[in-house]
Amino acid sequence: MPYRSTEVLSPGPRDEAPLHSITLAHDARHLRRKLLHLENDDVVMLDLKEAVMLADGDLLVLEGGGHIRIVAASEALYEIRPRDPLHLVELAWHLGNRHLPAQIETGRILISRDPVIRAMLEGLGAAVVEISEPFHPLRGAYHAAGGHDHGHHHHHG
């Protein structure tokens, strides 16, 4: 019997023991309605009011009780290291100008691997290394322009 979920807990409580988990890459975590296939061949029908960007650790609340934990998949990325903080801003500007999903942190930027972009970044003086880890790119400003949050229900307590 397939599961059904119409609610997301974000972030999900770490002490909640989920029934199952599902591992998704960043581009597969932006969802509203979708059949999700679990590792044990069970299926979850996700049916949310609005599209959400699911994050690592979020919980899908199942009708009838229980949860499914979202796990961010490890992905093939470039880790971009700048010379200094100003250089990081310049590199981020070049990536943003190309509308590339990017995870911007203190001292580094992560992007999906693209040899043409790597050559550009190295030409701008960045150190670029191939890594594999979960990818959490920033969402573009056009997603936030409507004044909505990212569709998650926040529960405190």
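The values are calculated or read from the model by the stated rules, or taken from the named source; none is laboratory data. Computed from a predicted model, the values in this text were never measured in an experiment. Note that each Cβ is placed from the backbone with ideal geometry, even for glycine, and that neighbours are counted across all protein chains shown.
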Residues being in contact with a Lys or Arg (Cβ under 9 Å, 6 or more places away or on another chain), polar (S, T, N, Q) and part of a loop (DSSP other than H, G, I, E, B) - total across the range 21-65: 0
Meets criteria (part of a strand (DSSP E or B) and under 30 Å from Val129 (Cβ atoms)) for Glu90: no
Condition broken by Leu60, with the remaining ones in (1) out of contact with any helix residue (DSSP H, G or I) (no Cβ under 9 Å at 6 or more places or on another chain); (2) not assigned by TED's automatic domain parsing to the domain that holds Leu46 satisfied: (2)
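Name the residues in the range 66-81 that are farther than 17 Å from Tyr3 by Cα, of a type outside the set (Gly, Ala, Ser) and touching a Lys or Arg at 6+ places or on another chain (Cβ under 8 Å), would you? Explain how you work it out, then say what you get.
Keep residues of the range 66-81 that are farther than 17 Å from Tyr3 by Cα, which gives 71-81.
Within this subset, residues satisfying the condition of being of a type outside the set (Gly, Ala, Ser) are 71, 75, 77-81.
Hits for the range 66-81 are Leu77, Tyr78, Glu79, Ile80, Arg81.
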Residue, nearest to Ala76 (Cα to Cα), within the range 108-141, restricted to residues that are touching a strand residue (DSSP E or B) at 6+ places or on another chain (Cβ under 7 Å) and assigned to a loop (DSSP other than H, G, I, E, B): Arg113
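So which of Ile68, Ile80 ends up being in a strand (DSSP E or B), buried (at least 16 other Cβ atoms within 10 Å of the Cβ) and in contact with a helix residue (DSSP H, G or I) (Cβ under 6 Å, 6 or more places away or on another chain)?
Details: Ile68 fails: in contact with a helix residue (DSSP H, G or I) (Cβ under 6 Å, 6 or more places away or on another chain).
That would be Ile80, the only listed residue that is in a strand (DSSP E or B), buried (at least 16 other Cβ atoms within 10 Å of the Cβ) and in contact with a helix residue (DSSP H, G or I) (Cβ under 6 Å, 6 or more places away or on another chain).
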